[in-house]
1. Any chance you could tell me what percent of the C-alpha pair distances in region 376-512 go past 19 Å?
2. Contour minus end-to-end for residue 399 and residue 108, with contour as 0.36 nm per residue of separation and end-to-end as the Cα-Cα distance?
3. Tell me, how many Å apart are the Cα centres for region 441-474 and for region 483-541?
4. One-quarter of the Cα convex hull surface for region 310-418, in nm²?
5. Please give the length that would be gained between residue 385 and residue 532 if that part of the chain were fully extended, namely 0.36 nm times their separation in residues minus their C-alpha to C-alpha distance (nm, one decimal).
6. Using Cα pairs closer than 8 Å and at least 6 residues apart in sequence, work out the relative contact order for the chain, in percent.
7. Residue 100 to residue 430: extension gain in nm, 0.36 nm per residue of separation minus the Cα-Cα distance?
8. What order do you get for 535-542, 118-125, 45-52 when each peptide is scored by the mean count of other beta carbon atoms within 10 Å, highest first?
Ligand code: SF4
């Protein structure tokens, strides 16, 4: 039976209230305000901008290190220093090389690790603050609503359908069933963040891919309260080496926040060979390094989280405009993988999208032909300037650290070209090597003081989902999990998921995949790193997922 959906209409619908989506909403509302104040025609209204956020609160799903370059924020909110929750300016930028027992500070910090002029922030707090500004500007912000389906019309997009609420785990309506809304808009902005589920569908359907597929990393983070005097606020260190093998791409971070708080984490490219490599265990092992352990001992874990990030850069940027739609932020590959900075690029992309939308609203023309202005603006902005210089950077490390250093060194002196330009990339999961019957590794347990197992960490992510709802992790063919994947790759989902969602359980007729979907922290790693590409992450009921308070 076809579901009767309530229809709502807006001028602009922004899917995702992260830095990109909110910067787009705020900049557009400001442009509209000025336009109306000048008495220009047609009169426009900020109330006709809708923003959807799938989290239970604005900022609840925002996770990053985070160090922010403030230049986009300064354009968006010129007096931001008066009110923005920036935590602390960076006071020292260190690049550390770890061996198992010792560490070494590179005497002159290489430019990509130099963060002077930047701020250590909580992305959750910043985004919450931005949400307040957006609401004050008259924009309609809807929490606990995810974009479940795109509305295709003609050659483009005419809005989204939000997720149905109140279905039980078999997909049958419960007493509180509410069908998703059909939100129609002249312009839809996809600001879903990394591996956006609607963006993924759209890019595939409309063949918007660039020359390289997107490359991803996984970032795992903990926030700690530490003993006074252990770390100065604004101290920022990036670590290379142990425990990450030179065949892999990744490293750690230690960011000193105010009030004896520290953000620590590890990022690893999702293109490693060992299908049973466990990023969460690698992070916990990294914490046992004497340098990190010394900071954490006597302290207390406050929050945990994980998120994938798009490393692919310029050559993996999908075409970001089409009839009725634009793609911004992490969904559009606006991240500098060399500096691991994306917040300012996400905001800037949102602002350029806002300027493009403003022109389209004035003309009453929402075609791709008008919206290509967005791409032209990107090409003339510092987004291109920054990303073009590192267009081959991440691909250089595909064959390990030494190869990567060689190529990236040459790129540094040739404006990013190096000796191969464009350097091609492959899907990360293609790097897996079969297990050839090797026994499964022991799972990391943690000491309960400095290191933790995944379930303890998930508890600290504040994650919750209504358990009686359809599983939002769709596995196309469970038979592959029980047969081919057991033999060939040893079920990598059990290892790469940082929230212990996937579990192979022994049953009378063989191993079977069990999915603990309620643990999911929405990192999207399974959608990216599954070797058979049969896992699809779709939006669960709005309000579910982590609560990254203070992260
Ligand atoms: Fe991340 Fe997938 Fe695990 Fe959810 S189920 S936490 S999206 S890997």
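1. 71
2. 102.1 nm
3. Rounded to whole Å, the Cα centres lie 13 Å apart.
4. 6.6
5. Separation in residues times 0.36 nm, less the Cα-Cα distance, equals 49.3 nm.
6. 20
7. Length gained, residue 100 through residue 430: 115.8 nm.
8. So the peptides 535-542, 118-125, 45-52, ranked by packing, come out 118-125, 45-52, 535-542.
The numbers here are math on the coordinates, done by the rules we state, and not lab data. Predicted model, so just to flag it, every value in this text is computed and none were measured. Neighbour counts run over all protein chains shown; Cβ positions are idealised from the backbone, glycine included.
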